[in-house]
1. Among all residue pairs at least 6 apart or on different chains, which show Cβ distances below 8 Å where the first residue, located in region B:400-423, is under 30 Å from B:Pro537 (Cα atoms) and the second is outside any loop (DSSP other than H, G, I, E, B) and of a type in the set (Phe, Trp, Tyr)?
2. Please give the number of the condition B:Leu304 fails out of (1) surrounded by fewer than 22 Cβ atoms within 10 Å (Cβ to Cβ); (2) part of a loop (DSSP other than H, G, I, E, B).
3. For region B:206-222, give me each residue that is more than 16 Å from the chain's Cα centre (by Cα), under 21 Å from B:Tyr144 (Cβ atoms) and surrounded by 24 or more Cβ atoms within 10 Å (Cβ to Cβ).
4. Quick one: which residue in B:Ala515, B:Ala522, B:Ala529 is open to solvent by less than 10 Å² (accessible area, probe 1.4 Å) and among the hydrophobic types (A, V, I, L, M, F, W, C)?
5. Among the residues of region A:161-178, count how many are at pLDDT 95 or above and open to solvent by less than 10 Å² (accessible area, probe 1.4 Å).
6. Consider B:Val405 carefully, then state whether it is within 14 Å of another protein chain (Cβ to nearest Cβ) and either surrounded by fewer than 19 Cβ atoms within 10 Å (Cβ to Cβ) or touching a Phe, Trp or Tyr at 6+ places or on another chain (Cβ under 6 Å) (or both).
7. Return the pairs, sorted by first residue and then second, in which the second residue is small (Gly, Ala, Ser) and not in a strand (DSSP E or B), the first residue lies in region B:481-505 and is within 21 Å of B:Arg151 (Cβ to Cβ), the beta carbons are less than 6 Å apart, and the residues are 6+ apart or on different chains.
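The values are calculated or read from the model by the stated rules, or taken from the named source; none is laboratory data. No experiment lies behind these values; they were computed from the predicted model shown. A quick note on method: Cβ atoms are made from the backbone with ideal geometry, for glycine too, and the neighbour counts reach across all protein chains shown. These area figures cover heavy atoms from the full protein model, side chains too; ligands, DNA and RNA do not enter into them. Shrake-Rupley method; radii C 1.70, N 1.55, O 1.52, S 1.80 Å.
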Amino acid sequence: MPTWILAVFAALALIAPAHADGIAEKVTLCASCHGENGVPVDAKIPVIWGQNAGYLYIELRDFKRGARASEVMAPVVADMSRDEMMALAEYFSKKPWPNLAQKPADAATAEHAQAVANSAQCSQCHLAGFLGASLVPRVSDQGYDYLLTTLEAFRSGARANNAWMTDLMKAYSEADIKALAAYLAGL
Amino acid sequence: MSIGNPRISGGVALAALLAFGTILGTSARADEVNRATLYGDMTTVSQDMLNRAGQDANNFLMTHGDYTQKRYFPNRQINTMNVRHLHPAWIFQTEVKETQETAPIVVDGVMYVTTAFDHVYALDARTGAELWHYKQPLGAITTYCCGPNNRGVAVYGNMVYLATLDSKLVALDAKTGKVAWQSDIADPELGYSETMAPTAVDGKILIGTTGGEYGIRGFVKAFDAKTGKLIWTFSTIADNSTGVWATKDATGQDLHRDIAAEKAALAKLGDPAKKLGGGVWQNPSVDLANRRIYFVVGNPSPDLDGAPRPGDNLYTDSLVSVDLDTGKYVCHFQYVPHDLWDLDAVSATVLVDAKDEHGASVPAVLHAGKTGFVYVNDRKDCHLIRFSEAMVPQENMFALPTPGVGTRMLPGANGGVEWSPMAVDPTLNLTYAINLHQPMHYSVKSAAYPDGKLWLGGAFTVIPEEEQWGNVTAVDYNTGKIRWQVKTAQPMIGGILATAGGLVFTGEGNGFFKAYDSSTGAELWRFQAGAGVNAPPSGYTVEGREYIVVGAGGNAQVDSKRGNNIIAFTLD
């Protein structure tokens, strides 16, 4: 188990009995993985600073319901109320998107990814610039490793809280998905 | 023709990134009112004005022109002889650079336009100068499948009415943009949202809902225009949604249904009405003489998977008429029973007088389907009089979606005719539709209802190797024959306007806005707007000068280039 996961459980053990009124302690807990400055501590952890509030809320809700499986997130959200989830979502959505210093995809990869995005009609939901809105996440400049892991998890069905993404990703090859992740990360 | 010397007026052009960052969190700024440039004095839009909107050559009072929704502007100042001289009068840049589907409304020289994410602008229609700007403070949760669209406002009395992505109906003071009242329409977390313009009639504000991709139960509601109180609700999903177990579509083509399996599923699952979808997101037409409204109901949920929804799925994919005063059912006609392709009924209905099967002129209602047909129905009992020749290639029609890559079928799930409203020139008995040709694979995979989230039951994917294109098609609604057709470089979404000047105006995703001879389809004028022109044009006249106006902001659904322009054209 990576050390950052142990850190989460350690932080949870400290915070759980506190019954804080506000979300400050939860924010601290979030930062232990998602980063003090918005840059996640591990490349497989998503950026949540500047992410769309509706999306953040729905993911927290789905972690709690078990619709999105995560051994890390499940205990974090287990006792969270809807209001707390909403407040956290609002809080992080108002933070600036961090600079991950990712490089733009090369021309051939970008062309490949754009053909896939056109076929999958990504912009219908993720909108211009892949910035999303409300329930739909921003995916541009999201971390490459997280994007690739997530797209592959949709494809395999391991991430099961958005069935249509699984159906969509199954229509594309591993190479297509790699190109898409590289392109989005570099936007 | 290129931009001569357009006057850039009002508005703040922010970069797309900035705009996105600021829109959602901001609240209304109705205090940004500039009263100095108001032309005329709009005190009230009377019912009488609305009743005769189709003959009003000064104003454009409704999303689709008038209650018949012909989108026929009766001024002939701009016509086939002089349209080549048409040029921008002004360009207004909105704050939002995202998908633009607004139909500009004009009342006494004041124009009302909307943008993605529910901004409303009042503009001086002569100059494009901003009078006021309202931003709906959207909640964190808005649920929509195909872009944060808004298609415009309704005007009535001294109010401007907006329906929002977070499923609220908002009444604004037409002079100031200040909120008069706001009513909840439905719960956005359950998949309900608003993208359509409301319809105002006889003290009521009519509104449908989106959500056919989210397992909603669709409706049309009437609210009191003065108070915002709900008057009636018509559920677009019948309590008994199973119907007659039709094995063919409206045009007699086999739907490949396994009725025995569906009946077995019905015995096991019960009626699927509760999550069956059936959105209504284009304006109803209003038959004032008979106090009826006519609208079309969209696809069943989930789109591609029929397993959880045995039966015909009434009234999805149907023309429906209800009583204007009570919301009670009058009649319906289903185009595609038990739809598995999202080939549903979206484009706004149009009321015309058309020849029936016996050659007699009868009150009829037109609808352009994603199937690529124009349907002509009798207003009396909703029965189908005729359907047109196919406007786009139809191949492997109604082949069942399959697991994996899926089945290739034409038209693709966007049509044919998407939401794009038609226009009608009643002097020529022609209706004009814009179409997409977008070959797609249809795949199916059953999935449990995901609680207000996208529920497609599979995927439709555009086939990357195949050519896409669009067309403008004129159909004689008395015969169903195609009179003329013009191919366009890209699939078309947006809408069309016909005028008494013998013209039709429509735009394309590649930025071209064009005028055609409405009799022949000859292209008479084109303008490059620099962003996708995927919105319905409007016409209006101020101080004796006719204008044509259209939004050029691109489109999320066909991913055309985004922009933030409202462009008004005129002659010198």
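1. Pairs found: B:Gly412/B:Phe460; B:Ala413/B:Tyr442; B:Ala413/B:Phe460; B:Met422/B:Tyr432; B:Ala423/B:Tyr72; B:Ala423/B:Tyr432.
2. If we test B:Leu304 against (1) surrounded by fewer than 22 Cβ atoms within 10 Å (Cβ to Cβ); (2) part of a loop (DSSP other than H, G, I, E, B), just (1) comes out false.
3. Residues satisfying the conditions are B:Glu213, B:Tyr214, B:Gly215, B:Ile216, B:Gly218.
4. Just one listed residue meets the conditions, B:Ala515.
5. Qualifying residue count, region A:161-178: 1.
6. Details: within 14 Å of another protein chain (Cβ to nearest Cβ): yes; either surrounded by fewer than 19 Cβ atoms within 10 Å (Cβ to Cβ) or touching a Phe, Trp or Tyr at 6+ places or on another chain (Cβ under 6 Å) (or both): yes.
Yes; evaluated as a whole, the condition is true for this residue.
7. Filtered contacts from region B:481-505: B:Gln490/B:Gly509; B:Ile493/B:Ser420; B:Gly494/B:Ser420; B:Gly494/B:Ala535; B:Gly495/B:Ser420; B:Ala498/B:Ser518; B:Val504/B:Ser518.
Results for (1) in contact with a Pro (Cβ under 8 Å, 6 or more places away or on another chain); (2) not in a loop (DSSP other than H, G, I, E, B), shown as yes or no for each residue.
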residue: B:Lys226; (1), (2): no, no
residue: B:Thr233; (1), (2): no, yes
residue: B:Ala238; (1), (2): no, no
residue: B:Ser241; (1), (2): yes, no
residue: B:Ala260; (1), (2): no, yes
residue: B:Lys263; (1), (2): yes, yes
residue: B:Leu266; (1), (2): yes, yes
residue: B:Gln282; (1), (2): yes, no
residue: B:Val286; (1), (2): no, yes
